[in-house]
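The values are calculated or read from the model by the stated rules, or taken from the named source; none is laboratory data. Given the structure is predicted, the values throughout are model-derived calculations rather than measurements. So basically every Cβ, Gly included, is an ideal-geometry build from the backbone, and we count neighbours across all protein chains shown. Heavy atoms of the whole protein, side chains included, go into the accessibility calculation; ligands, DNA and RNA do not. Shrake-Rupley method; radii C 1.70, N 1.55, O 1.52, S 1.80 Å.
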Amino acid sequence: MDVLFQQLFNGLTVGSVYSLVALGLTLVYGILHIPNFAHGALYMVGAYITYTMMTSLGLHYVFAIVVSIISVGLISVLMERIVFHPLRDSTPIQHKVAAIGVLLFLEALAHYIWGADYQQMVTPYGQVIEVFGLTLTMQRILIVVTAIVAMILLYLFLKKTYTGASIIAMAQNREGAHLMGINTNKVAMLTFFIAGVLAALGASLTSPINLVFPSMGHLVILKAFVIIIIGGMGSIPGAILGGYILGFSESIGATYISSDYSDIIAFVLLIIILTIKPQGIFAKGEA
Amino acid sequence: MLSLRDVSVQYGNYTAIQNINIEVRSGEIVVLLGANGAGKSTTFRTISGLNKPATGDIFFEGSSICSLTPDKIVKAGIVQCAEDRKLFPEMSVQENLMMGAYVHRRKKKEIKHTLEEVFELFPILHEKRNQAAGSLSGGQQQMLAIGRALMSKPELMLLDEPSIGLAPLIVEQMFESIQQINQDGTTILLAEQNAHAALSIANKGYVYENGNIVVEGSSKELFANEEVRKAYIGA
Ligand SMILES: Nc1ncnc2c1ncn2[C@@H]1O[C@H](COP(=O)(O)OP(=O)(O)OP(=O)(O)O)[C@@H](O)[C@H]1O
Ligand SMILES: [Mg+2]
């Protein structure tokens, strides 16, 4: 029983990070109408910036994260302006090619600046505590709490403010949003900013329990794709729920099947869910 | 209030409208008539800034709006209720209406007041306020689209075929609502297939043919015009 709860908590940790990354991906999907392959590169850059702020400038972990999420948010906006905005009237395939281009560029840049070595990020929250007989590290608690707070804030922003609602409106009908007096350029930039922030936050939170390296975004972004397909493309509750479903499935699978296969679970899950509900859990029109 | 001067619009190298001149004065209802594909929606899209004219200029209250982006044109006081409605299907009816007031987002009290006015005009929207816009019937969606446009308190409202797909009884109500909106102080430019009903409430009209305006005049003149009667009024 203890093992189960321990694994469920691990699932919650991993799921929190997946949800953050998938949320950004699903928000940007509303603007681009393609999955942004470069999102995983933003995740990786986020981890590196936090790492560099800590090691080179000696910033505290928390401040390093703040610098990182703002920087990656801005990089993400820059990507929208330089790459996707000029392509706004072109075909989806051109968007996809451009997104892959950005991904390759950012990875090469990371290689150039930080090298190919694996880096270890040290957290000041390494303490181990006991809660209800479970052994938890502060870092994992920090991940879960921060992610949930971020998601609640995002939800309130999207639901309760006009600026937030304009993101949803633009995803549902771009010209409709334009005709309501919404500046769609600003909304697109804001959406990319939020997506960058979420990716960098997820990466910075999880890096101390994983490693930092140029291709660290690959598996995560692949899983984030699975999540937003499972959750229903563009659906916000779907991205959150999908993230946790995957997190729990992986950690339980790792315990009861084999930890060697935990990365395959995402794709098995994808096949199962798409067989039962081809439109995803929160398909458009139902969410 | 609004004047189009020699406006031409092209899609690629296809000219959809050519040298269009339209005058709308404050307080009027002006109707655009014409067969399918004649260029009415293109004219509307161009006024709203979704398309840019190849030649000519558009003036609203004395200043050119051709170089403005669509959101700025809404802020200037022109709102469009488009042919395909352009609702936000997964938002509730009330959320859609609230988005209509986006340009007034800081004035909470006024928004609430306007919302009540819209609910008064279209009671069905109040009844369905918590339903997703996408789940409404076609006619209800049309009312929502008009209600949403009203939420921005426009000075000039462009209505692109508001009676499309509505039952005859509802069409009548729809034209009554439009007249009501006009009497409450909004100038209206209307595109319609339903020429008889439209001309009955309009001050004047323009008839489109293949991207050109071929006839223009007061409603009376158009009713009296033999060719217009044959082609569009059918009596
Ligand atoms: N996006 C577009 N690309 C190319 N051609 C277009 C486009 N939109 C409209 N057209 C063409 O421009 C012409 C005018 O179309 P428009 O939609 O303005 O007509 P309309 O008068 O509104 O017709 P309807 O009564 O059917 O709504 C048509 O011949 C149409 O095929
Ligand atoms: Mg039309």
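The Rg/Rh ratio of chain A, with both radii computed over alpha carbons and Rh defined as the Kirkwood radius, is 0.96. A simple rule links phi to the HN-Hα coupling: the Karplus curve 6.51 cos²θ - 1.76 cosθ + 1.60 with θ = phi - 60°, which for region B:92-106 gives 6, 4, 5, 5, 4, 4, 4, 5, x, 8, 3, 5, 10, 4, 7 Hz, with x for Gly and Pro. Note on the protein assembly as shown: antiparallel DSSP beta bridges, both residues inside, total approximately 60 percent of the bridges counted.
For chain B, modelled as a GNM whose springs connect Cα atoms under 10 angstrom apart, the maximal fluctuation among B:Ile164, B:Ile178, B:Ile47 occurs at B:Ile164. Dipole of the protein assembly as shown computed with +1 at Lys/Arg Cβ and -1 at Asp/Glu Cβ about the Cα centre; of B:Val171, A:Ser56, B:Ala133, farthest Cα towards the positive end is A:Ser56. Say each of A:Val122 and A:Leu274 gets a label point 7 Å from the Cα, pointing the same way as Cα to Cβ; how far apart are those two points in nm? Reported label-point gap for A:Val122 and A:Leu274 is 4.4 nm. One way to sum up the overall shape of the protein assembly as shown is the equivalent ellipsoid from its Cα gyration tensor, whose semi-axes run 53, 24, 20 Å, largest first. Between region A:169-213 and region B:55-98, the C-alpha centres lie 25 angstrom from each other.
Beta bridges assigned by DSSP with both partners in chain B are antiparallel in approximately 55 percent of cases. Relative contact order for region B:78-153: 52 percent, from Cα pairs under 8 Å spaced at least 6 residues apart, divided by residue count. Could you identify which residue out of B:Leu159, B:Leu33, B:Leu87 has the top mean-square fluctuation in a GNM of chain B using Cα springs shorter than 10 Å? The residue that fluctuates most here is B:Leu87.
Computed per residue of chain A from DSSP H runs no shorter than four, each worth -39500 (n - 2.57), the mean residue ellipticity at 222 nm is -24000 deg cm²/dmol. Dipole check for region B:78-153: with +1 at the C-beta of Lys and Arg, -1 at the C-beta of Asp and Glu, and the Cα centre as origin, the magnitude is about 400 Debye. Going by accessible surface with a 1.4 Å probe and the largest first, B:Glu227, B:Glu61, B:Glu95 read B:Glu227, B:Glu61, B:Glu95. Between region A:60-133 and region B:214-235, what is the C-alpha centre distance in whole Å? Distance between centres, Cα-based: 64 Å.
Peptide A:164-177 is shielded by partner chain Cβ atoms: per residue, an average of 5 of them sit within 10 Å of its Cβ. Longest stretch of chain A clear of exposed loop sites (chymotrypsin sites (Phe, Trp or Tyr not before Pro), DSSP loop, at most 11 other Cβ atoms within 10 Å, sites excluded): A:133-287. Taken along the Cα-to-beta-carbon direction at a fixed 7 Å, the label points for A:Asp263 and B:Arg106 span 5.3 nm.
Think of each Lys and Arg Cβ as +1 and each Asp and Glu Cβ as -1; about the Cα centre, that makes the dipole of region A:66-149 roughly 180 debye. Put a dot 7 Å past the Cα of A:Leu4, heading toward its Cβ, do the same for B:Ser3, and the two dots end up 8.0 nm apart.
Compute the Cα gyration tensor for region B:53-210, then decide on rounded, prolate or oblate, letting a ≥ b ≥ c be the square roots of its eigenvalues: rounded whenever a/c is under 1.5, prolate when a/b is larger than b/c in the other cases, and oblate in all that remain. Oblate, since a/c reaches 1.5 and b/c is not below a/b. Considering chain A as a Gaussian network with a 10 Å cut-off on Cα pairs, which listed residue, A:Leu74, A:Leu241, A:Leu134, attains the greatest mean-square fluctuation? Residue with maximal mean-square fluctuation among A:Leu74, A:Leu241, A:Leu134: A:Leu134.
Across region A:160-178, the residues whose backbone nitrogen lies under 19 Å from the label position 7 Å along the beta-carbon direction of B:Lys75 are A:162-167, A:170, A:175-178. Using a probe of 1.4 Å on the protein chains alone, the accessible area found for A:Val220 is around 20 Å².
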